1. Of all residues in region B:44-76, count the ones that are under 18 Å from the mean Cα position of the chain (by Cα), of a type in the set (Ser, Thr, Tyr) and in a strand (DSSP E or B).
2. Output the residues belonging to region B:77-96 that are of a type in the set (A, V, I, L, M, F, W, C) and outside any helix (DSSP H, G or I).
3. Any idea which of (1) surrounded by 18 or more Cβ atoms within 10 Å (Cβ to Cβ); (2) more than 7 Å from every other protein chain (Cβ to nearest Cβ); (3) of a type in the set (Ser, Thr, Tyr) is the one B:Thr96 doesn't satisfy?
4. Quick check, is A:His120 in contact (Cβ under 8 Å) with a residue 24 or more places away in the chain and within 20 Å of B:Arg140 (Cα to Cα)?
5. Is there any pair linking a residue in region A:21-48 that is more than 10 Å from chain B (Cβ to nearest Cβ) and of a type in the set (Ser, Thr, Tyr) to one that is within 15 Å of DNA strand D (Cβ to nearest atom) and assigned to a helix (DSSP H, G or I), with Cβ under 8 Å and at least six apart or on different chains, and which?
6. Which of the residues spanning region A:20-74 are over 23 Å from B:Trp108 (Cβ atoms) and more than 13 Å from DNA strand D (Cβ to nearest atom)?
7. Against the definition (surrounded by fewer than 18 Cβ atoms within 10 Å (Cβ to Cβ), more than 7 Å from every other protein chain (Cβ to nearest Cβ) and small (Gly, Ala, Ser)), how does B:Gly91 come out, yes or no?
8. Filter region B:49-88 down to residues that are within 10 Å of chain A (Cβ to nearest Cβ) and crowded, with 21+ Cβ neighbours inside 10 Å, then give me how many there are.
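The values are calculated or read from the model by the stated rules, or taken from the named source; none is laboratory data. None of the values given here were measured: they were computed from a predicted structure. Cβ placement follows ideal geometry from the backbone for every residue including glycine, while neighbour counts extend to all protein chains displayed.
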There are 2 protein chains.
Amino acid sequence: MSPAPLDVPAVAGRPCSVAAALEIIGDRWSLLIVREVLFGNHRFGEIARNTGAPRDRLAARLKELVAAGVLEQREYQASPPRSDYHLTKAGRDLGTVLQVLREWGDRWAVESPPVSVRHHDHELKIGGVCSVCGEPVRARDLTREMHVPDWDMAGPRAAD
Amino acid sequence: MSPAPLDVPAVAGRPCSVAAALEIIGDRWSLLIVREVLFGNHRFGEIARNTGAPRDRLAARLKELVAAGVLEQREYQASPPRSDYHLTKAGRDLGTVLQVLREWGDRWAVESPPVSVRHHDHELKIGGVCSVCGEPVRARDLTREMHVPDWDMAGPRAAD
DNA sequence: TTCCACAGTTTGATATGCAAACCTAGACGG
DNA sequence: CCGTCTAGGTTTGCATATCAAACTGTGGAA
């Protein structure tokens, strides 16, 4: 798969993959939709019920996620035409995003975790460790750099 | 810090830490605000310029993030009253969320990464590995479970 | 005494979000 | 044959949120 097959809308503010990602999946319902599909709920009605999204918004969002390459729409019967939704590779990759959001929510937004994700015999945990070197990530070991001429970490460089 | 010091709004749909987290930081600007503060840009004007958020929305969001316990507002001069914004522990923990979103965006939403985050001598990468056992996370090694009586992975159990 | 910096607030037009009702096409039951 | 149910959306009418731009208030610098 090519580097960036997804739609890349222009973003205001700092050029940043986080902002670009949020342009695609940063609205109120997208990640909940992906969560449900990841849970095995592929049909419009299931997704509507389990996310709580209004049906019109859901229909609109599903179209956009399909257009963006996160979901794939499959016709599971021809007449009357009925389709369900499946994750693409890009959609499956959002599992990581959902997991760290879950970890943050478990810690900070909820009394006790309503959903658990188990990996082999233990609770899955993704955050906190660099998967390249295996060491815990501490803020002081990190450095950040911008690779765009007009911006540095403080903001836009040239006079706009 | 106690288990859930943050405001916990009631959510429609499946009870889920992801949804709870998104209730707090799931709007259009919150994560970009946190990104900027994490980058060391603490002032209202800097955040407004670097995120592209309208000033009124930004002011409203900052208030909500302070109320939710993600940011802390500090007066850095008394007259005229001027404050800036700093991350709480909960806010700092969002660094992981930003990082996996960046990794997803680098891969799927952007031609080439505009921002790089380096950990010691290599590019930071968080996704893909379970930090408990160190093994790569594959979908088939995961099982999910709901701990709420009225819901299972398919949806609500009782007749609502 | 005039301009600028800075953190917001106000304003008025526009876009978006929502719940509920509706549509279409077939399947199922009597 | 007739009514009802399932299912994936679409339409409608209204309420709310969002936006860009202008404005406010306070102090410091020229």
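1. 0
2. B:Ala78, B:Leu87
3. (2)
4. Answer is no for this residue.
5. Taking only residues 6 or more apart or on different chains, not a single pair turns up.
6. Listed by number, the list holds a single entry, A:Gly52.
7. Considered against the rule, which asks whether it is surrounded by fewer than 18 Cβ atoms within 10 Å (Cβ to Cβ), more than 7 Å from every other protein chain (Cβ to nearest Cβ) and small (Gly, Ala, Ser), B:Gly91 comes out as no.
8. Residues flagged as within 10 Å of chain A (Cβ to nearest Cβ) and crowded, with 21+ Cβ neighbours inside 10 Å within region B:49-88 amount to 5.
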